[in-house]
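The values are calculated or read from the model by the stated rules, or taken from the named source; none is laboratory data. Computed from a prediction, not measured in an experiment: that's the story for all the values here. As a convention, Cβ positions derive from the backbone with ideal geometry for all residues, glycine included, and neighbour counts pool all protein chains shown. Areas reflect the complete protein model, heavy atoms only, side chains present, ligands, DNA and RNA absent. Shrake-Rupley method; radii C 1.70, N 1.55, O 1.52, S 1.80 Å.
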Amino acid sequence: MSNQPLKRIKIGLISATIWGNETDSGATRYSITIVRNFKTGDTWKETSSFRLDDLPVVAKVSDLALQAVLELQGEAAE
């Protein structure tokens, strides 16, 4: 697999990125990074710290990421 993300899910300033890493046996292990984007001056940055009001969106993005990984696993099994 490449170093490119397999999928990105974004709601507002919160995003989840799904990565795939191939194991020695040829299976794919998935990992997910979740970040909040914010702007400082003219520069956009990312953080893995969330405010209390971000948590419902983090939960939704996490759920959508799980669904996407399950779909990717199903496609790989076919």
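Per atom type, the chain shows carbon and sulfur on 51% of its accessible surface, probed at 1.4 Å.
For the chain, a simple Cβ point-charge model (Lys and Arg +1, Asp and Glu -1, everything else neutral) yields a dipole of about 380 debye relative to the Cα centre.
Applying both filters, DSSP loop and at most 10 other Cβ atoms within 10 Å, to the trypsin sites (Lys or Arg not before Pro) of the chain gives Arg51.
Solvent exposure of the chain amounts to 72 Å² per residue of accessible area, where only protein heavy atoms count and the probe is 1.4 Å.
Note on Cα Rg over 2.2 N^0.38 Å: of the candidates (1) 1.37; (2) 1.25; (3) 0.98, the value calculated from this structure sits at (2).
For the chain, the tally of Lys pairs with Cα-Cα distances below 17 Å comes to 4, considering only residues 8 or more apart or on different chains. With a simple spin-label model that places each label point 7 Å from the Cα along the Cα-to-Cβ direction, the separation between Lys45 and Asp63 comes to 3.2 nm. Using only Cα atoms and rounding to the nearest 10 degrees, what angle (0 to 90) does helix 55-77 make with the longest principal axis of the chain? Tilt of helix 55-77: around 20 degrees. Note on the chain: dipole from Cβ charges, positive end direction compared against Ser62, Gly26, Ser48; the farthest Cα belongs to Ser48. In this structure, Asp53 and Glu22 have a Cβ-Cβ separation that, at R0 = 30 Å, corresponds to a calculated FRET efficiency of about 0.20.
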